[in-house]
2 protein chains.
Amino acid sequence: MEQRRVLVIGGDAAGMSAASQARRMCSAESTRITAFERGPRTSYAACGLPYLVEGLVEDPADLVARSPEEHRERGIDVHVGHEVTSIDLDARNVVVRDLASGEERTEGWDDLVVATGARGIVPPLPGIESEGVQQLRTLDDAAAIEQAIAAGARNAVVVGAGYIGLEVAEALVHRGLAVTVIEMADVPMAGNLDADMAELVAEAVRDAGVDLRLGAAVEGFESVQGRLGAVVAEGTSFDADLAVLGLGVRPNSELAKAAGLEVGPTGGIVVDETMNAGVPGVWAGGDCVQSTHRITGEPVVIALGTHANKHGRIIGTNIAGGDATFPGVIGTAITKFADTEIGRTGIGEREADRAGIDVVTSRSTSRTRAGYYPGGSPITVKLSVRSDDGVLVGAQVVGGPGSGKRIDALATAIWAGMTVDDLAMADLSYAPPFSPVWDPVVFAAGVADTKLHR
Amino acid sequence: MEQRRVLVIGGDAAGMSAASQARRMCSAESTRITAFERGPRTSYAACGLPYLVEGLVEDPADLVARSPEEHRERGIDVHVGHEVTSIDLDARNVVVRDLASGEERTEGWDDLVVATGARGIVPPLPGIESEGVQQLRTLDDAAAIEQAIAAGARNAVVVGAGYIGLEVAEALVHRGLAVTVIEMADVPMAGNLDADMAELVAEAVRDAGVDLRLGAAVEGFESVQGRLGAVVAEGTSFDADLAVLGLGVRPNSELAKAAGLEVGPTGGIVVDETMNAGVPGVWAGGDCVQSTHRITGEPVVIALGTHANKHGRIIGTNIAGGDATFPGVIGTAITKFADTEIGRTGIGEREADRAGIDVVTSRSTSRTRAGYYPGGSPITVKLSVRSDDGVLVGAQVVGGPGSGKRIDALATAIWAGMTVDDLAMADLSYAPPFSPVWDPVVFAAGVADTKLHR
């Protein structure tokens, strides 16, 4: 029997999950699994990078879930420093370049996994290539920021007030830098929160001493002898010896596109429910693919480790002859800024508008614990409810410690298609250290239900 | 137009919620609302009593959500120190006794709300009436315990290792007493957790320095001159200058039963979905009624403020001509012992067995946060899955800070009738400070799904 060849492009979450799952399910005799990664590492937690900068994670090695050696011990033939430069779907092979030697070779495959990830958005602004202007996508990026701080950086500008921007801003404040965040939108996290909820986040950011500049576009980076000195936005020059870009990411789908795989309007590779990319035996997953949003039915690209891991698991299962499917996403996300926790799921006002879904929204504030129990905080919950049937389609939560993860009950309710009227009477847990007698989720559903029937 | 008369028996959560909701919805001209409470207070949070004993809540008044005066200001005619001694369903009146004067009078009603609550179980053991043997059901009970501590109590015995027993034990440890907990079952929280999960709780209780005696029945209370000196269990005498009974509660349904209302096998008053007690205009809610368990379809009595408040809200709405229904319970509950958080919902192994529901159970341990993020703890999740269709029917969670409230996502999934296979791919939130990339809930569902298909 000829050995089946599984070839994985990209050694991070999706790629290595696919490889690992296929490895668990297929014998070494029957199946050879090879992975190519152009960087120096495999399976590292990019989402942990802000906490490395903050100093909460001390050793960069802690962010590496599994090294190339560990993957090899488990029977996956991993090659770091190897870049796949082209895919031939007819000949069923790839050209791979050893970045150290520059040598290229051709490798055949029976199953191909495209897990090329995403890259940070770097707008073509004057001076953006200056030393001191950083992304935070890799351990090397984190090391460069660490170096800048060690070299005495005092003033940092973070460009963009999305998840990464705010996480980096918090980290740098914690490291003692004076931090300015410059954001084009009128509120932070504009892509993820309704304006009224985002205002609560803005407050938390400013309370931490961050100079938050909203509605301001960065025009360029001024450098002295190639080294960053200031960031210019709206005609104002902000002193900066460190700038970090937090402008979101874009799927690395060019390789797939050049090979003839379909790339969607989002820039993500088009896959079906099984994570097949349109050609038998060709799979794609992680940050480079688009997923279907279950509420709007539209394709979306959401770069998040949890999806990448699921994609990989599904691909690996299906390569092994299983029958796994990815049911789509509802855009659930969580983060924190200092003591303020932020969760969101489903669609907000703007997304509902764009998708042509008529919603009623309601906002309510209660507390994370019983009023008399010490250590509680305010928690604000905003819900979007489909007007015609009362189904919950979106939720946002901003509040003190213990607030963020409450988004999961709401995400589960949305996932299951529950109405707010049903959720308002749901048997959620209550005890004074954990919630008021009307849990904030149940309370919010009741408020929304009342508003819906008014 | 004649004024309609709403009469409420019982001035705590269910009764006063019903009164308040009816008050909000009916004008003062159209409707008079009267409430009789035999105790001295209204609307106090009995679930907060252990934290008062612990010293976390400093002022007993903080536990009173709304005083009689505050209710009166809102147009509810509240009479504390008044006990309703009989109900005449035909004449539609009650006899009420002013406990101070001993005078009785008859009061008519058009709508009657029976919210007589529950009482602590006090087994007929020798010496149980001794001074120093306490329940913890009222503010006066808490004051008596406070007094015992102030008088120099050093050794406490808590009888029963359920929710209240463990909460009281923690409180007394915190106050510096040597605490022994005596429990008849082989594990703590035996009525609520499977044995393997309860073992984790036992560990936490012992780690806090509590002398936890399991499988031990209390035989009696030894007193010296009427004052408690020791508790005897299994032939051993445990020194005790304070004993607290935590043996659960029993519905106060005698008054309703004597009037001819139906009382179920649980001892709780039988009500329909609208909280009607079988006679037009006669409603009952709170700890004195039985509810329907949505998984087993069986009647259950669950004394919990969150249900009582919902019951009351529904009764008030329906008195006002609305159309509200109580959809039943799934037995969701949460508590903590020191840093260990405990949540449960749905049915465990024993309940499944009793109800004749064939389940597969699975248990998995992961972490509350990403492995590299500081401050995380282990979290163990046990799921019960219906064998024939993979529907999640039960969940138990025991773990460190941040574990307990995860039960809500599981409760929501059970409420909605989700399968574990669906939950295993649900879009729950992920960020390193809040969960590993496979959230413990999603992870547990995946483990259960795998076991189900093995």
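Every number in this text was worked out from the coordinates using simple rules, so none of it is lab data. All figures in this text were calculated on a predicted structure; none of them were measured in a lab. Cβ coordinates were reconstructed from backbone atoms using ideal geometry, including for glycine residues, and neighbour counts include every protein chain displayed.
Between B:Asp196 and B:Ala143, the distance separating the two model label sites (each 7 Å from Cα on the Cα→Cβ line) works out to 4.9 nm. Distant-in-sequence amide contacts of A:Ile347, defined by a placed amide H-H separation under 5 Å and a gap of 5 or more residues or a different chain, comprise A:Gly394, A:Ala395. Backbone amide hydrogens, once placed in the peptide plane, bring A:Tyr430 within less than 5 Å of B:Ile334, excluding anything fewer than 5 places away on its chain. Note on the protein assembly as shown: antiparallel DSSP beta bridges, both residues inside, total approximately 65 percent of the bridges counted. Label points for A:Gly278 are taken 7 Å from Cα along Cα→Cβ. From this copy to the others they lie 6.8 nm apart, shortest first. Take A:Gly248, push a point 7 Å out from Cα through the beta-carbon direction, and compare it with the same point in every other copy: 5.5 nm, smallest first. Length available on full extension from B:Val279 to B:Glu103: 0.36 nm per residue minus the Cα-Cα distance, which gives 60.5 nm. Evaluated on the protein assembly as shown, the Kirkwood hydrodynamic radius is 30.0 Å, with distances taken between all distinct Cα atoms.
Remark: region A:83-100, residue by residue, has Karplus-estimated 3J(HN,Hα) of 10, 7, 9, 7, 10, 10, 6, 7, 6, 6, 8, 10, 9, 10, 10, 7, 5, 6 Hz, where x stands for each Gly or Pro and the curve is 6.51 cos²θ - 1.76 cosθ + 1.60 at θ = phi - 60°. According to the square roots a ≥ b ≥ c of the eigenvalues of the Cα gyration tensor, what is the shape class of region A:278-363, taking rounded for a/c under 1.5, prolate for a/b larger than b/c otherwise, and oblate for the remainder? Note, shape of region A:278-363 comes out oblate. Here the Karplus curve 6.51 cos²θ - 1.76 cosθ + 1.60, taken at θ = phi - 60°, turns the phi angles of region A:396-410 into couplings of 9, 10, 9, x, x, x, x, 8, x, 6, 5, 4, 5, 5, 5 Hz, with x standing for Gly and Pro. Taking square-rooted eigenvalues a ≥ b ≥ c of the alpha carbon gyration tensor, is chain A rounded, prolate or oblate, where a/c under 1.5 means rounded and, failing that, a/b exceeding b/c means prolate? Here chain A falls in the oblate category.
Other residues with beta-carbon under 14 Å from the beta-carbon of B:Val80 carry, at +1 per Lys or Arg and -1 per Asp or Glu, a net charge of -3.
Our helix-only sum for the protein assembly as shown, with -39,500 (n - 2.57) per DSSP H run of n ≥ 4 divided by its residues, gives a mean residue ellipticity at 222 nm of -7500 deg cm²/dmol. I need the calculated FRET efficiency for the pair B:Glu131 and B:Glu29, taking r as the beta carbon distance and R₀ as 45 Å, to the nearest 0.05. Once rounded, the FRET efficiency stands at 0.30. In this Cβ point-charge picture (+1 for Lys and Arg, -1 for Asp and Glu), chain A has a dipole of about 660 debye about its Cα centre.
Other residues with beta-carbon under 13 Å from the beta-carbon of B:Pro126 carry, at +1 per Lys or Arg and -1 per Asp or Glu, a net charge of -3. Each other copy holds its own label point for A:Val224; taking that point as 7 Å from Cα along Cα to Cβ, the gaps run 8.3 nm, nearest first.
Quick one: net charge of B:Ala217's neighbours, Cβ under 11 Å, K/R +1, D/E -1? Net of charged neighbours comes to -2. Listed values for region B:340-347 are Karplus-derived 3J(HN,Hα) couplings in whole Hz (6.51 cos²θ - 1.76 cosθ + 1.60, θ = phi - 60°), namely 8, 9, 10, x, 8, 7, x, 10, and x replaces Gly and Pro.
Note on A:412-423: average number of Cβ atoms from other chains within 10 Å of each residue's Cβ is 5.
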